[in-house]
Amino acid sequence: MGRGCQAAAVGLTGGTATKVSLTLDSIPTLPGIDSTLAFLKDGYLFASKRCARLGSDAFHTRLGGRPVTFMLGADASRTFWSGGRFDRHGSIPPTATHLLQDNGSSQTLDGEEHRHRKRMFLEMMEPPERDRLRAVFAAEWDDAAGRWQEQGEIVLHDELQSVLTRTAMLWAGLDLRENDAASRAFELGEMVENAGRFGPRNWMARTLRFRTEWWARGVIDGVREGSLDVPEGSAVHRLATQTNLDGTLLDRAVAGVELLNTVRPIVAISRFIVFAALCLNEVPRWRETFAAGDDSDLAHFVTEVRRHAPFFRVMGGRVRRAFEWRQHPFSIGQWVLLDLYGTNHDPRLWPEPYRFRPERFRDWPGDPYTLIPQGGGEYLHDHRCAGEPVTIELMREGVRALSRSIEYGVPPQDLRVSLRHFPAGPASGFRINRVRRSRATWTV
Ligand code: HEM
């Protein structure tokens, strides 16, 4: 267990600054037949611990009996994301794929077909649409804050999931009835919550997902048939009218999957905002700074939360065409897992990586392969997250709202963050009480 942002003062337990030294010419193999149990036990720290021990940026082992190569660091990240060396086919278990990006999505495409689809996502979230999304979020937050005032205590994580579900749907062009909004919020939350699990909870989430897919296909059909009216240019309208490279309309199931790939991650931003709340709570001078209206470090604060917070642990790829990395051959089909969390805490890139220190970003040059909570490389040509700018925008709004638009208490609770469990978050979900709106400082 670690203590969220108290890491600023004490360092995450078990996650002390890992010393990763450079480069071996050959890639070592872990002793033992299979590392599945160790991977589950060590969670987010699995690869960085072993890289430190071996003095290498990569090692071979087996997971679930299959050979896999773990890689970590800026050089590995550059190799992973640039140059189209990897594809995503079969690189994460179907139990996770089905709950996240899924078959037919942008993530599974390569080359021109990928760029064509990715362009749609990037256009969908260009600055005017990003601003509109932020404004919808601000209004939904304000609305919810009115209800929170009436309640003794709320769980911020759960509330934010609802607020962001309504935000995502309204922005995308859909005004859901109260019941539908609650069902969708639950289903979308369960997808992320159970993507790293195996067994009954994963099966349950996947069964729920069939219901959400059915709903999403219905939305696409409705727009195409003219029975559902959505604003032209809205995300739903774009998805329903999107074509493949050959000009044919996107298959209704694929369009439905991409609708989920638009709304689900917006809802998942709730996890980052909860981490931001944890950091504001544990390092109060930041809350005071933002409350006083000084936003000069707001962008750095949000970036540091994204670097520091344990979200996606690894990204998987299969070698598409053979290449050499540090004189070591990678052959077609080889399975590689790039350690996102380990790279975001690599001491060569981030001095004192387990300290929460937004100031480190004041003079950060912005290398697209070192800060990789949402992937690396370029937006259009590589698989870097299309929603990263939107994530940053909504997190900034969330931090402003937590510092300026409401006052609240934080009752005693278990705020520890387990680095074993994916996706990680404070055990209590971050409970707050005595919520009061401070309207005077509210800006939309
Ligand atoms: C909650 C915070 C988010 C995290 C941690 C996250 C993480 C990631 C990661 C790690 C990738 C890289 C996948 C790869 O290399 O194969 C990715 C891709 C992607 N993300 Fe996000 N994401 C987030 C938010 C969003 C949002 C808000 C949207 C859309 C509104 C979005 C849409 C996408 C899409 C469409 C891709 C596929 C890009 C491609 O294949 O080219 N994500 N995301």
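The values are calculated or read from the model by the stated rules, or taken from the named source; none is laboratory data. The model shown is predicted, which means the values in this text are computed figures rather than measured ones. Positions of Cβ are backbone-derived with ideal geometry, glycine not excepted, and every protein chain shown enters the neighbour counts.
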Discussion item. Of everything in segment 393-424, what is part of a helix (DSSP H, G or I) and either in contact with a strand residue (DSSP E or B) (Cβ under 9 Å, 6 or more places away or on another chain) or β-branched (Val, Ile, Thr) (or both)? Give them in sequence order.
Written reply: Val399, Leu402, Ser405
Worksheet item: Among Gly226, Gly196, Gly189, Gly173, which is touching a helix residue (DSSP H, G or I) at 6+ places or on another chain (Cβ under 8 Å) and on the phi > 0 side of the Ramachandran plot?
Response: Gly173
Discussion item. Please determine whether any residue of segment 162-170 is farther than 23 Å from Pro231 by Cβ and not small (Gly, Ala, Ser).
Written reply: no
Worksheet, complete the sentence: All conditions in (1) within 11 Å of the ligand (Cβ to nearest atom); (2) more than 25 Å from the chain's Cα centre (by Cα) are true of Gly317 except (2)
Worksheet item: Asp229 is checked against (1) in a helix (DSSP H, G or I); (2) closer than 21 Å to Leu133 by Cβ and fails just one. What number does that condition carry?
Response: (1)
Item to complete: Determine whether segment 225-233 contains at least one residue that is modelled with pLDDT of 95 or more and within 16 Å of the ligand (Cβ to nearest atom).
Response: no
Fill in: Extreme residue, modelled with the lowest pLDDT, among residues of segment 5-60 that are among the polar types (S, T, N, Q) and part of a helix (DSSP H, G or I)
Gln6
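Take segment 379-404 and flag every residue that is of a type in the set (S, T, N, Q) and farther than 12 Å from Ile266 by Cβ.
Of all residues in segment 379-404, those of a type in the set (S, T, N, Q) come to 391, 403.
Of everything in segment 379-404, just one residue is of a type in the set (S, T, N, Q) and farther than 12 Å from Ile266 by Cβ, namely Ser403.
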Discussion item. Based on this model, can you work out whether Ser438 counts as surrounded by fewer than 21 Cβ atoms within 10 Å (Cβ to Cβ), touching a residue at least 12 places away in the same chain (Cβ under 8 Å) and more than 30 Å from Gln101 (Cα to Cα)?
Written reply: yes
Worksheet entry | Per-region count, segment 234-267, residues charged (D, E, K, R), surrounded by 15 or more Cβ atoms within 10 Å (Cβ to Cβ) and away from the ligand (no atom under 15 Å from the Cβ) | 1
Item to complete: Determine which member of the set Phe198, Phe210 is among the aromatic types (Phe, Trp, Tyr) and modelled with pLDDT under 90.
Response: Phe198
Discussion item. Looking for something crowded, with 23+ Cβ neighbours inside 10 Å, without any contact (Cβ under 8 Å) to a residue 40 or more places away in the chain and either assigned to a loop (DSSP other than H, G, I, E, B) or away from the ligand (no atom under 11 Å from the Cβ) (or both) - is there at least one such residue anywhere in segment 274-292?
Written reply: no
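For segment 62-89: of the residues being in a loop (DSSP other than H, G, I, E, B), away from the ligand (no atom under 13 Å from the Cβ) and surrounded by fewer than 21 Cβ atoms within 10 Å (Cβ to Cβ), which is farthest from the chain's Cα centre (by Cα)?
Looking only at segment 62-89, we keep the residues that are in a loop (DSSP other than H, G, I, E, B), and these are 64-65, 72-73, 82-85, 88-89.
Of the ones still in play, those that are also away from the ligand (no atom under 13 Å from the Cβ) are 64-65, 72-73, 83.
From what is left, the residues that are surrounded by fewer than 21 Cβ atoms within 10 Å (Cβ to Cβ) are 64-65, 83.
On the way: Gly64: 25, Gly65: 28, Gly83: 23 Å.
The qualifying residue farthest from the chain's Cα centre (by Cα) is Gly65.
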Item to complete: Please enumerate the residues belonging to segment 156-181 that are crowded, with 19+ Cβ neighbours inside 10 Å, farther than 18 Å from Val274 by Cα and aliphatic (A, V, I, L, M).
Response: Met169, Leu170, Ala172, Leu174
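Which fully enclosed strands (runs of 3 or more DSSP E) of segment 301-392 have 1 or more residues being buried (at least 17 other Cβ atoms within 10 Å of the Cβ) and aromatic (Phe, Trp, Tyr)?
323-325, 328-330, 335-339
Every residue, every condition in (1) under 21 Å from the mean Cα position of the chain (by Cα); (2) away from the ligand (no atom under 11 Å from the Cβ), yes or no:
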{"residue": "Gly111", "(1), (2)": "no, yes"}
{"residue": "His114", "(1), (2)": "yes, no"}
{"residue": "Met120", "(1), (2)": "yes, no"}
{"residue": "Glu123", "(1), (2)": "yes, yes"}
{"residue": "Glu129", "(1), (2)": "yes, no"}
{"residue": "Arg134", "(1), (2)": "yes, yes"}
{"residue": "Glu140", "(1), (2)": "no, yes"}
{"residue": "Glu150", "(1), (2)": "no, yes"}
{"residue": "Glu153", "(1), (2)": "no, yes"}
